[in-house]
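Each remark here refers to the structure printed beneath this line.
The values are calculated or read from the model by the stated rules, or taken from the named source; none is laboratory data. Remember, predicted model here, so these are calculated numbers, not experimental data. Here the Cβ positions follow ideal geometry from the backbone for every residue, glycine too, while neighbour counts run over all protein chains shown.
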Amino acid sequence: MSRRIDLTNEYQYREMQSRTRRHFIKQCTTGLGSIALGGLLGCDRNATVKPEPDLESYIRQQVPHFAPSAKRIIYLHMAGAPSQLELFDYKPELAKLDGKDCPQSLLEGKKFAFIQGVPKMLGPQAAFSPRGNSGMVVSDNLPHFSSVVDDVTLIKTMHTDQFNHAPAQLLLQTGSPRLGRPSMGSWVTYGLGSENEDLPGFMVLVSGGNTPDAGKSVWGSGFLPSVYQGVQCRSEGDPVLFVSNPSGIDGGLRKQTIDAINHINENEYKEFGDPETLTRISQYEMAYRMQTSVPEVMDINDEPDYIHEMYGTEPGKTSFANNCLLARRLVEKGVRFVQLFDWGWDMHGVAERESLDNGLPIKCKPVDKAMTALIKDLKQRGLLDDTLVVWGGEFGRTPMQENRGGKEWPYKGRDHHTEAFPVWMAGGGVKGGFTFGETDEIGYYGIQDKVHVHDLQATILHLMGMDHEKFTYFAQGRDFRLTDVSGKVVSKIIA
Amino acid sequence: MELLSRKDQFSYLKPAVGFVLALGALSALLTAILGLMLAQAGDYGEDLLFIHKWAGILLVLFAFGTWWLHFQRERKPTLQIKRAYLGTLSLMMLFLAGAGHYGGSLTHGSTYLTQYMPDTMKKLAGIPVQAKGPKLIENLDEAVVYVDIIHPIMEQRCNSCHNSSKKKGDLQMHTQEVLMKGGENGAIFEAGSAAESEMIRRVHLEDNHDDHMPPKGKSQLTDDQVLLLEWWINEGASFDKKVAELQADDEVKTVLLTLSDPNANKTAVEILLAEGTTPFDEEKLNAYVNEGIAVKRLSNEDNWLQVTLYRKDSVDALLGRLAIDFPDQITWLDVKDTQLTDEGLVAVGKLKSLTRLRAEKTTVTDAGLTHLAGLNFLESLNLYGTKITDTGLEHLSKLPNLRRLYAWGTQVSKEGATKFMEEASLIEVNLGYEVNMIDSLTVEVKPIAVSN
């Protein structure tokens, strides 16, 4: 025994002696490089994240802090920011100021995306009237929506910190205007898990011809395990890209392949304990189950005609209406968070399509019809009781007409505005027929019951049964929250 | 530390004693100077401040004395010096305790030591025990608004800084006279106008604002409390009028009701869920989870359970087992789109605390609904897409807490639903919508159900 140790030592000693500086530098190319690479790829994460041995059962067994009033969310994000002054915030005083120069007091110390010098005020470009039993004031641009106002809480005094689309969308959806934080849907699925083992807990549908300006980060999982990131589905072609089998490969072979990969990954996890390996395993398994579950849920051909008429859906196309119907089908199947983005609300008035008097009514029609149908359809299925529907943009629009480049434009448009914009919510335990918050005479500032973006996030988490101050995740050396370091639950809108 | 270091096993602490004494003396001096500056502002009660001030000054003197004597003793350890050192050390400790205690009384109110003592300890110490929570008002109409409603709110949220011994901003709020007097910026309220009252203005400032009251970090007024304060001021800020003598709108009335009964505005179901239920057998729950059955806690702070069953589960048999294992805990049950039959509803009828039942798109019939007759807390019942008819509704009309019934896509007729809603006026029946295409962009979607 001892002789063998001597031999080994002898061997090592000799080898060291024969190793030269040249050997060392030669090996550096791969040796030191791979250490650096390991650091870059975040292999040291094991030190901070506690491994969750069975990620799937962990996801299913998550329980909220207190009894929730909403079990799932459909978030309808109108990317580009619709104009509150033509939809929800009626300002007769602003009509009187139409065409007059904007007073300096509204411009001093403010940053605008495009307005230069002294712009002109722009009166409301739509007619308004009180609707429903509650008398909520809504514009003629939303005739269908006017029939469901008694199920809706309208917040008129939202405000944000960011006046450009991408950062404002990130702030709204991830709690921070910069990249890298998990989105609201990721937080919610991380906290509450999924109710359907065959579908992801967080699904995303995009319409309007473009992804939101902030890109896919608005449904990213940030520092949370990537199993919580939103899965984007399409209503045209393959619902989820790269989930179906390649030609010549049948389900059995696919299953064998995935089993083999997962076997290797399990060994990998046993050796290194990196939770991202678990994520990878569960994603492979989920992807396999999604091969049947996704095409089934995404195929709207089996819906009866009157449902198609109600939403204005056309199977096989990409539209907000199709996405609304899909959202209902997904929450019916137990998906926790369905996020819709509809692009094309950025009415600056530099083209007819982007004008408030022509473009906006055209843009509104199908959206109005579909979002109203969604509320009614959820209601008749008894889903509106515990499904929260949220609608809104990332900021509002100025009471002044945009004068991009310092000149007058032939079309009526408004610039980005952070101080006041509307968000409405329906179902999931919020009040019906309730208008919250007051803006000033021209809709520039909130003057009573202001709601910051972080307050909205705190309220949404509260409705889901989560305390936004206790709901944290340890990453990069500290605990993080969706609401960063602020946010107050708006308890007055809760029924 | 001095005493400890005399024992052999802690002798290694000895060299630190002098340094700690020096550090203590210097920081005491600094603290005393800062304290004297704060006292200049004159926001504090004279008596308490006098004791705290002089205890603090003496503490500083003795701290330096102790340090000096310690130094002397190290150089020339005579018996006299040793005794003097011990004497000053003990006196210094005494003043430290005194200054600390009175300082605490100044900042947190004179009852800070015993305020949060557990009741059993209070009894041992001979301090009177007060009933938990705010005192409930027995006769609301006869209650004097200021005495019974407003003063207790101020007592709870304002008076720890605005009282007889501490008057931040030169404001005291513990009696009628001083409240009227106001603070260094004058009156704090404008009788008849809450909007113009300094007190209310500050309450509504953002939490981070320097002038926000109560200050950041102190417990804040609730929305209801703010509403009551505003109401009292708007109604003239009277100190002797009774509740019945003041005008109150519906919002205020709703809040007032909670003062005599905290559950006044809650439904029977809300009260049941808030009360909670008995604990269940964790092992049994885990057994179901391991079987792949979705039995889950409703939340982390109570023992309520929610159950979701799927098409793959043998629902009727499972419900039988669940009704035996968790009869009092299951409050949400979701058996939609499963193989549930009328047989399974027998077990459902045994879940006495069931508040939400989703049984849509199953083969349930009228006969099955008879088993639900005893579900006294059932609030929401989803039966859309089942085989129920108008006859089945009769079994449901007696359910005292049923509020929402979903019967779209069933044999339940419009007439049947209308008749049912007339009998059971609190229940809203949803029969879905009639859809009428007008043109490609307009559609008329009208509810089929009648309103009550």
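Evaluated against (1) farther than 22 Å from B:LEU441 by Cβ; (2) hydrophobic (A, V, I, L, M, F, W, C); (3) more than 14 Å from chain B (Cβ to nearest Cβ), A:LEU340 falls short on exactly one condition, (1). Annotation: of all residues in the stretch A:235-260 being among the charged types (D, E, K, R) and more than 18 Å from A:VAL206 (Cα to Cα), the one that is surrounded by the fewest Cβ atoms within 10 Å (Cβ to Cβ) is A:ASP250. Each residue in the stretch A:298-319 was checked for being closer than 30 Å to A:TRP345 by Cβ and away from every other protein chain (no Cβ under 13 Å), and 8 pass. For the stretch A:116-132, indicate whether the set of residues that are more than 19 Å from A:THR160 (Cα to Cα), within 14 Å of chain B (Cβ to nearest Cβ) and surrounded by fewer than 19 Cβ atoms within 10 Å (Cβ to Cβ) is non-empty. Yes, the stretch A:116-132 contains at least one residue that is more than 19 Å from A:THR160 (Cα to Cα), within 14 Å of chain B (Cβ to nearest Cβ) and surrounded by fewer than 19 Cβ atoms within 10 Å (Cβ to Cβ). Of the helices (runs of 4 or more DSSP H) contained entirely in the stretch B:271-375, those carrying at least 1 residues that are of a type in the set (Lys, Arg) fall at B:282-291, B:315-325. Filtered by the rule that a residue be closer than 30 Å to B:TYR146 by Cβ, over 16 Å from the mean Cα position of the chain (by Cα), among the polar types (S, T, N, Q) and in a loop (DSSP other than H, G, I, E, B), the stretch B:244-270 gives B:GLN247, B:ASN265. Might you let me know whether the stretch A:430-450 holds any residue that is of a type in the set (Ser, Thr, Tyr), touching a Pro at 6+ places or on another chain (Cβ under 7 Å) and part of a loop (DSSP other than H, G, I, E, B)? Among the residues of the stretch A:430-450, at least one is of a type in the set (Ser, Thr, Tyr), touching a Pro at 6+ places or on another chain (Cβ under 7 Å) and part of a loop (DSSP other than H, G, I, E, B), which makes the answer yes. The set of residues in the stretch B:140-162 that are assigned to a loop (DSSP other than H, G, I, E, B), in contact (Cβ under 8 Å) with a residue 60 or more places away in the chain and buried (at least 19 other Cβ atoms within 10 Å of the Cβ) contains only B:LEU140. Being modelled with pLDDT under 90, farther than 26 Å from A:ILE155 by Cβ and assigned by TED's automatic domain parsing to the domain that holds A:LYS407 holds for only one residue in A:GLN104, A:GLN62, and it is A:GLN62. Per this entry, B:THR355 is not counted among residues that are more than 9 Å from chain A (Cβ to nearest Cβ) and closer than 19 Å to A:LYS333 by Cα. Selection of the stretch B:409-433 for residues being buried (at least 16 other Cβ atoms within 10 Å of the Cβ), part of a loop (DSSP other than H, G, I, E, B) and under 40 Å from the mean Cα position of the chain (by Cα) yields B:ALA424, B:ILE427, B:LEU431, B:GLY432. Quick check: anything in the stretch A:478-485 within 12 Å of chain B (Cβ to nearest Cβ), surrounded by fewer than 21 Cβ atoms within 10 Å (Cβ to Cβ) and free of Cβ contacts under 8 Å to residues at least 40 places away in the same chain? Yes; the residues of the stretch A:478-485 include at least one that is within 12 Å of chain B (Cβ to nearest Cβ), surrounded by fewer than 21 Cβ atoms within 10 Å (Cβ to Cβ) and free of Cβ contacts under 8 Å to residues at least 40 places away in the same chain. Considered as a group, the residues in the stretch B:180-216 that are more than 14 Å from chain A (Cβ to nearest Cβ) and within 24 Å of the chain's Cα centre (by Cα) include one that is surrounded by the fewest Cβ atoms within 10 Å (Cβ to Cβ), and that residue is B:PRO215. For the stretch A:96-106, the criterion of being away from chain B (no Cβ under 14 Å) and either surrounded by 19 or more Cβ atoms within 10 Å (Cβ to Cβ) or within 30 Å of A:LYS216 (Cβ to Cβ) (or both) is satisfied by at least one residue. The set of residues in the stretch A:455-477 being within 12 Å of another protein chain (Cβ to nearest Cβ) and not in a loop (DSSP other than H, G, I, E, B) consists of A:ASP455 alone. Checking each residue in the stretch A:201-237 for being small (Gly, Ala, Ser) and assigned to a loop (DSSP other than H, G, I, E, B) picks out A:GLY201, A:GLY208, A:GLY209, A:ALA214, A:GLY220, A:SER221, A:GLY222, A:GLY230, A:SER235, A:GLY237.
Of all residues being among the hydrophobic types (A, V, I, L, M, F, W, C) and farther than 25 Å from B:ASP313 by Cβ in the stretch B:359-404, which is nearest to the other protein chains (Cβ to nearest Cβ)? Just the residue, please. The extreme case among them is B:LEU402. Considering every residue within the stretch B:271-286, establish whether at least one is hydrophobic (A, V, I, L, M, F, W, C), over 30 Å from the mean Cα position of the chain (by Cα) and within 13 Å of chain A (Cβ to nearest Cβ). For the stretch B:271-286, residues hydrophobic (A, V, I, L, M, F, W, C), over 30 Å from the mean Cα position of the chain (by Cα) and within 13 Å of chain A (Cβ to nearest Cβ): absent. If you go through the stretch B:190-220 and keep only what is of a type in the set (A, V, I, L, M, F, W, C), closer than 22 Å to B:GLN156 by Cβ, in contact (Cβ under 8 Å) with a residue 40 or more places away in the chain and part of a loop (DSSP other than H, G, I, E, B), you end up with just B:MET213. Which ones in the stretch A:356-377 are out of contact with any Asp or Glu (no Cβ under 8 Å at 6 or more places or on another chain) and within 11 Å of chain B (Cβ to nearest Cβ)? Of everything in the stretch A:356-377, those that are out of contact with any Asp or Glu (no Cβ under 8 Å at 6 or more places or on another chain) and within 11 Å of chain B (Cβ to nearest Cβ) turn out to be A:PRO361, A:ILE362, A:CYS364, A:LYS365, A:PRO366, A:ASP368, A:LYS369, A:ALA370, A:THR372, A:ALA373, A:LYS376, A:ASP377. Could you go through the stretch B:290-306 and let me know if any residue there is away from every other protein chain (no Cβ under 12 Å), within 28 Å of the chain's Cα centre (by Cα) and of a type in the set (Ser, Thr, Tyr). Within the stretch B:290-306, not a single residue is away from every other protein chain (no Cβ under 12 Å), within 28 Å of the chain's Cα centre (by Cα) and of a type in the set (Ser, Thr, Tyr).
Matching residues to (1) of a type in the set (Val, Ile, Thr); (2) at pLDDT 90 or above; (3) over 15 Å from A:VAL390 (Cβ atoms); (4) not assigned by TED's automatic domain parsing to the domain that holds A:GLY393:
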residue	(1), (2), (3), (4)
A:LYS450	no, yes, yes, no
A:VAL453	yes, yes, no, no
A:GLN457	no, yes, no, no
A:GLN476	no, no, yes, no
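Pairs are defined by a Cβ separation below 6 Å, a sequence spacing of at least 6 or placement on different chains, a first member in the stretch A:151-162 that is of a type in the set (Lys, Arg), and a second member that is in a strand (DSSP E or B); the pairs so defined are A:LYS156/A:PRO422; A:LYS156/A:THR439.
For A:VAL335, are the conditions met, namely being under 27 Å from A:ALA214 (Cβ atoms), within 14 Å of another protein chain (Cβ to nearest Cβ), among the β-branched types (Val, Ile, Thr) and in contact with a Pro (Cβ under 9 Å, 6 or more places away or on another chain)? Spelling it out, A:VAL335 is indeed under 27 Å from A:ALA214 (Cβ atoms), within 14 Å of another protein chain (Cβ to nearest Cβ), among the β-branched types (Val, Ile, Thr) and in contact with a Pro (Cβ under 9 Å, 6 or more places away or on another chain).
For the stretch A:465-477, a residue qualifies if it is touching a strand residue (DSSP E or B) at 6+ places or on another chain (Cβ under 7 Å) and either among the basic types (Lys, Arg) or touching a residue at least 24 places away in the same chain (Cβ under 8 Å) (or both), and exactly one does: A:TYR473.
For the stretch A:280-290, indicate whether the set of residues that are in contact with a strand residue (DSSP E or B) (Cβ under 6 Å, 6 or more places away or on another chain), charged (D, E, K, R) and within 14 Å of another protein chain (Cβ to nearest Cβ) is non-empty. No, that holds for no residue.
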